[in-house]
Amino acid sequence: MSHENCIFCKIAAGQIPGKRVFEDDQLIVIHDINPAAKLHLLVIPKRHIETLADCLPENPADQALLGRMLALAPNLAREQGHGYADGAGGFRVVINTGPDGGQEVYHLHMHVLAGPRPWKRMG
Ligand code: AMP
Ligand code: ZN
């Protein structure tokens, strides 16, 4: 299942280090190595899926995985001190897809960004 030479497969397998903040049976969450904001996390499925466009809307496993990734974001932001509460704080989630989407690593991942503006440009 793990793809040779895929950096996120290697991080998920513990073959190269990553600053992990969360792990469950399906996902790992690490700090981005080149943060574009004060908080910049990557939510990475352990299963190698190249892009969001490879997820099928009718596939229950893909639905569950994507739902889990998205639903985790508010918890992660809160735990890292950037939750949205009482009209303040907040965060952004981004999934770059394909060259025009600015995707650099072809293993599905969701960015969680937060913190004071301005943020660095992503791609
Ligand atoms: P994307 O452009 O959506 O494919 O984003 C890829 C992200 O992965 C970029 O924000 C990179 O800074 C980040 N990245 C690349 N290699 C690593 C790594 N070894 N550990 C953590 N983040 C990484
Ligand atoms: Zn991979």
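All of the numbers you see were taken from the coordinates with simple rules; none came from a lab. Since the model is a prediction, treat every value here as computed from it, not as a measurement. Don't worry about glycine lacking a Cβ; one is built from the backbone with ideal geometry, like all the others, and counts go over all protein chains shown.
Among the residues of the range 93-104, those that are assigned to a loop (DSSP other than H, G, I, E, B) and surrounded by fewer than 14 Cβ atoms within 10 Å (Cβ to Cβ) comprise Gly98, Gly102, Glu104.
Residues are listed down the side, and each one gets a yes or a no for (1) touching a helix residue (DSSP H, G or I) at 6+ places or on another chain (Cβ under 9 Å); (2) within 14 Å of ligand 1 (Cβ to nearest atom):
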residue	(1), (2)
His31	no, yes
Pro35	no, yes
Leu39	yes, yes
Val43	yes, yes
Leu52	yes, yes
Leu56	yes, no
Pro60	no, no
Ala64	no, no
Gly67	no, no
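Scan the range 23-70 residue by residue and report those that are away from ligand 2 (no atom under 16 Å from the Cβ), touching a residue at least 24 places away in the same chain (Cβ under 8 Å) and in contact with a Gly (Cβ under 8 Å, 6 or more places away or on another chain). Passing the criteria: Ala37, Lys38, Leu39.
Considered as a group, the residues in the range 86-116 that are among the aliphatic types (A, V, I, L, M) and more than 8 Å from ligand 1 (Cβ to nearest atom) include one that is farthest from the chain's Cα centre (by Cα), and that residue is Ala88. The conditions of being crowded, with 18+ Cβ neighbours inside 10 Å and within 13 Å of the chain's Cα centre (by Cα) are not met by Leu70.
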